[in-house]
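Worksheet: the structure to be examined is printed underneath.
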Amino acid sequence: MALLNRAQPAPTVGAAGTDRWGTLREAARAAAPAVLGYLLVRLAATAILWGWARSEHHSVLTLLGRKWDSLWFLGIIGHGYDHGTPLQSNLAFFPLYPQLVRGADVLSPAGPATTGVLLDWIFALAAAWGIYAVGERLYGQRAGVVLAVLWGAVPHAVVESMAYTESLFTALAAWTLYALLSERWLTSGFLCLLAGLTRPTASALVPVVCLAALLAVVRSPRAWRPWAALLLAPAGWLGYLLWVGLRLHRLDGWFHVQKDGWGSSWDGGRFTVNYARHVLAAPSALDLYAVTFVLLLAVALFVLSLLDRQPWQLLVFSGLLLATSIGGSGYYHSKARFLIAAFPLLMPPAVALAKARTGTAVTVVATMTLVSGYFGGYLLLVWNHSP
C-alpha cells in the first residue's frame with residue numbers, strides 16, 4: 001500500500017495550473033464560433049454605419065465614443081464626480097466603466113474616447129462568450145452560438161459597440177448567471193459586485209444572486225461560500241448608492257439625482273403605457289416605433305420563456321429588467337437600450353433557429369444584421385437623442 005501511494009503522488013500546483021489553462025483553452029475553442037459569429041455581425045453592422053457616416057462627413061470613432069452618455073463618462077474620467085447637485089449630475093452614472101477607461105488610458109496613446117470604444121468591443125466579446133456559455137449549458141452548442149449572434153443583431157445593438165456601459169454590464173451579468181447555474185458562489189458574488197458598480201440595472205441581478213445563495217444556505221447552513229456570495233453580491237450596488245448619499249448628505253442622494261435632475265423615477269409603468277399609446281395613435285419618429293415594438297416583443301418573449309420553463313435565475317433576471325424598464329418614468333426613447341442585457345429573452349428564438357436548417361438561420365441572422373446596421377446608423381446620424 002505504501003509503495004502504491006508513492007507511485008501515485010498528488011498533483012503539484014504546477015500541474016493543477018496547467019490543467020486549468022487546458023480547460024480554459026478548451027472552453028475558448030468551443031466558444032470561438034459564437035464569439036467570431038458575434039464579431040462578424042457587429043463588424044458588418046458597423047461597416048454600414050461607417051459608409052453612412054462617411055457619406056455625411058462624420059467620424060465613426062466620434063459617433064461611437066463622443067455621443068451622449070459617452071460625454072458624461074469622459075467628464076468623469078477627466079474631472080471626477082460632481083460635489084453638488086447641478087440640474088443633471090454625473091453622480092447618476094456608476095463608476096466602474098469610467099474607472100476602467102481611465103486606467104486603460106494610462107497605457108493607451110489613443111485618448112480616453114477611443115480607449116473607451118476599444119474596451120467596449122472587448123467587453124462585448126466577453127459578453128458574447130458568456131451568453132454562449134449560458135445558452136450552451138442549457139440547450140447545447142448550436143443554440144449557444146445562435147444566442148450570442150442574435151444578441152449582436154438586435155435593433156439597438158449599436159450601443160454594444162459604443163463607449164457605453166451596456167456591454168460591460170451584460171458581460172458581468174452573463175458570467176454571473178453562468179456561475180450561478182454552476183453553483184460557483186464566490187465567482188457569482190464577486191461578478192455581481194462588479195455589475196453593481198457598473199449600472200443601476202444591477203438591481204435586477206443582485207436579488208437573483210442573493211436568493212440563490214440564500215436557498216443554498218438553507219440547504220447547507222455550514223457551507224461558507226453561499227454566505228460569502230450573499231454578502232458580496234449587493235456590496236457594489238449598495239456601496240455606490242451609500243457613497244452618493246454621503247457625498248450629498250442625504251441617504252436617498254442617488255434617487256434624488258435621478259428624479260430631480262434626470263426626471264427618472266418609478267411609477268409602475270404609467271408613463272410607459274401612456275407614451276406607447278401616444279406613439280401608436282399619432283405619427284411618431286422611427287425610434288419611438290422601434291422602442292414600442294421592442295417592449296411589446298420583450299413581454300411576449302418573457303411569456304415564451306416562462307412557458308419554456310427557463311431556469312428561475314434567468315426568468316427573475318429578465319423579469320426584473322423588464323419591470324425596471326417598463327416601470328420607470330422618463331426616457332422612453334432609451335427603454336429598448338435598457339433591455340440590451342436581457343439576453344435570456346432571446347433564448348426562445350435562438351433555440352428555434354438552432355433547430356432550423358442552416359440556410360434558414362443564416363437568412364434570419366443576415367436580415368437582422370442589415371436592419372440592426374441601418375438602425376444603428378439612424379440612431380447616431382438621424383435621431384437627435386441618446387439611443
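The values are calculated or read from the model by the stated rules, or taken from the named source; none is laboratory data. Not measured: the values here are computed from a predicted model. Cβ: placed from backbone, ideal geometry, glycine included. Neighbour counts: every protein chain shown.
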*Is there any pair linking a residue in segment 265-283 that is more than 20 Å from Gly319 (Cα to Cα) to one that is modelled with pLDDT of 95 or more, with Cβ under 7 Å and at least six apart or on different chains, and which?*
Tyr275/Tyr332; Val279/Leu288; Val279/Tyr289; Val279/Thr292; Leu280/Thr292
_Hits in segment 299-350 - residues which are surrounded by 17 or more Cβ atoms within 10 Å (Cβ to Cβ) and of a type in the set (D, E, K, R)_ = Lys335, Arg337
*Scanning for something part of a helix (DSSP H, G or I), of a type outside the set (Phe, Trp, Tyr), modelled with pLDDT under 85 and surrounded by fewer than 18 Cβ atoms within 10 Å (Cβ to Cβ), does segment 23-45 turn up at least one residue?*
no
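So that you can scan it fast, the table gives a plain yes or no per residue for (1) part of a helix (DSSP H, G or I); (2) free of Cβ contacts under 8 Å to residues at least 60 places away in the same chain:
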{"site": "Thr363", "(1), (2)": "yes, yes"}
{"site": "Thr367", "(1), (2)": "yes, yes"}
{"site": "Leu380", "(1), (2)": "yes, no"}
{"site": "Asn384", "(1), (2)": "no, yes"}
*Find all pairs meeting these conditions: Cβ atoms under 7 angstrom apart; at least six residues apart or on different chains; first residue within segment 292-310 and part of a loop (DSSP other than H, G, I, E, B); second residue surrounded by fewer than 20 Cβ atoms within 10 Å (Cβ to Cβ).*
Asp308/Pro348
*Report the residue count in segment 66-83 for those that are more than 20 Å from Pro200 (Cβ to Cβ) and in contact with a Leu (Cβ under 8 Å, 6 or more places away or on another chain).*
2
_Suppose we filter Ala216, Ala228 for residues that are more than 23 Å from the chain's Cα centre (by Cα) and under 16 Å from Leu194 (Cβ atoms); which single one remains?_
Ala228
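Determine if segment 224-246 includes at least one residue that is assigned to a loop (DSSP other than H, G, I, E, B) and surrounded by fewer than 20 Cβ atoms within 10 Å (Cβ to Cβ).
no
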*Would you be able to tell me the number of residues in segment 59-87 that are surrounded by 15 or more Cβ atoms within 10 Å (Cβ to Cβ), more than 18 Å from Ser167 (Cβ to Cβ) and touching a helix residue (DSSP H, G or I) at 6+ places or on another chain (Cβ under 7 Å)?*
4
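Mind listing whichever residues of segment 96-117 are surrounded by 16 or more Cβ atoms within 10 Å (Cβ to Cβ) and either under 23 Å from His385 (Cα atoms) or among the polar types (S, T, N, Q) (or both)?
Tyr97, Pro98, Pro112, Ala113, Thr114, Thr115, Gly116, Val117
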